[in-house]
Structure formats: structure tokens, C-alpha cells
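Please treat every number below as a calculation from the coordinates, not as lab data. Note that the structure is predicted; figures quoted are calculated from it, not measured. Quick reminder, even Gly has a Cβ in these numbers, built from the backbone with ideal geometry, and neighbours come from all protein chains shown.
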Amino acid sequence: MAASNVFERFFAHDITSIAPRIVDLEQPIQIVGMTVDTNLKNVFRDIPALGKRFAKYKQMHDIPNKRLPWGFAAVSKGMDQEKGTFTYFMGERVTTIEQVPDGLKAFEIPAAKYAVFPIRPKNRFGWPVAIASAKRYIYTAWLPNSIYEPAGMIDDFEYHDERSVRKSNPEIDLYVAIKEKYK
């Protein structure tokens, strides 16, 4: 058995039997946060480091115009399949991106059609494995066998809200930007 399968069984719930919700995001989601350029080899190092840097920033500075109820998004975009490189942006959901504090960047998640997959790690340490396992399944099995293909604007985004910080049964939604094939 491959090491990744052992980790997936310990840390992640199986999503292969779950049909995603298909939603049309009517309004863009605006976020303010930080970004890192990474690759598949370094992603498990780079994203936690970015998270620590962003958390430290938030301890020392307020982010203006935070939207209530609380929401946090982490966007993957620009995946280069040959090189395995992409940009990862994490940020707090805000009501406007007109005021962006020094040291932060703004990003607007486009209004579009998305396949939404629930991600449920088996414990609080399982987020990276659960998300990676879900993305692997979505991009290598679900998308190729569906009537959809990547939309090409962003790859996907994780949406964290009050469910993601529950002590028992935490959950996030993974939104994958899609369009119907052959259109």
C-alpha cells in the first residue's frame, strides 16, 4: 500500500462516493490576505509557512471591512501541469477591497459555476492530507469523467467558516471552477 493511501485513510474521509453540489456563484467573493508561489514538491511546507505569516500579521494588525459572519478563503490558481507550480492566496473575506493594508494583497474570486465538495478531515491534523486527497480525486477522476472541465480562471478555492473551527467534525467546502465541456 502506498504511503499516501495510508495517510489518506488515517486523516481524510473518502469523498469518491459524494456527488458535488453544482452552484452558480452569483457575486464575486472578495478577500484580503497573502500569497505564495509554490509547487507540488514544496506545498506542504510553503502553505503552513504562509498561514503562520498571515496569522502573525493578523495578531498585530486589523484587516478593515471584514465580512460577518466570518469567512476565510484559500485560492489555488495558475496550475502549470508540466512544472507543478501554482499560486496560493489565503485571505479573510471582506466587504470591499478598496482598502488594502500594507503587506497584504486583494483578490476577487470570480462569480462563476463551481462544483462544491465537502472536505472533512478525520482530525484537526488532517487538513493538508484531506485537501490534497480530494484535489487528486477531483482532478484525476471526477473531472475527466464528468460533463465538466476546468473553467480556466482559477483552479479552486477552499471556503472556511464556523464549521472549519469546530472541535468535532470540522468541515470546509472546496469549490472547483468548472464549465461544461465542448461549449
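In the Gaussian network model of the chain, springs joining C-alpha atoms below 10 Å, which of Trp127, Trp70, Trp142 carries the largest mean-square fluctuation?
Comparing Trp127, Trp70, Trp142 in a Gaussian network model of the chain, the most mobile one is Trp70.
How much of the calculated P(r) for region 26-122 lies past 22 Å, in percent of all Cα pairs?
35 percent
Grab region 3-180 and count how many Lys pairs have their alpha-carbon atoms under 12 Å apart, sequence gap of 8 or more, or different chains.
Number of lysine pairs found: 4.
Over all directions, the average projected area of the alpha-carbon convex hull for region 99-183 comes to how many nm²?
For region 99-183, the mean projected area of the Cα convex hull comes to 7.4 nm².
What's the local net charge at Gly103, with K and R +1, D and E -1, over the other residues with C-beta under 13 Å away?
+2
Add -39500 (n - 2.57) for each DSSP H run of 4 or more in the chain, then divide by its residues: what number comes out at 222 nm, to the nearest 500 deg cm²/dmol?
For the chain, the value works out to -6500 deg cm²/dmol.
Eigenvalues of the Cα gyration tensor times 5, then square-rooted: what semi-axes does that give for the chain, in whole angstrom, largest first?
Those come to 25, 20, 16 Å.
Could you tell me the center-to-center distance, by alpha carbons, between region 116-183 and region 30-50 in angstrom?
Rounded to whole Å, the Cα centres lie 16 Å apart.
Say a site is exposed when it is one of the GluC sites (Glu not before Pro), sits in a DSSP loop, and has at most 14 other Cβ atoms within 10 Å; what is then the longest site-free stretch of the chain?
Longest gap between qualifying sites, sites excluded: 99-183.
Along the Cα-to-C-beta direction of Glu162, a point sits 7 Å from the Cα; which residues of region 65-107 have their amide N less than 13 Å from that point?
Counting backbone N atoms under 13 Å from the label point, the list is 68-71.
Please give the length that would be gained between Lys181 and Arg45 if that part of the chain were fully extended, namely 0.36 nm times their separation in residues minus their C-alpha to C-alpha distance (nm, one decimal).
Additional length available on full extension: 45.5 nm.
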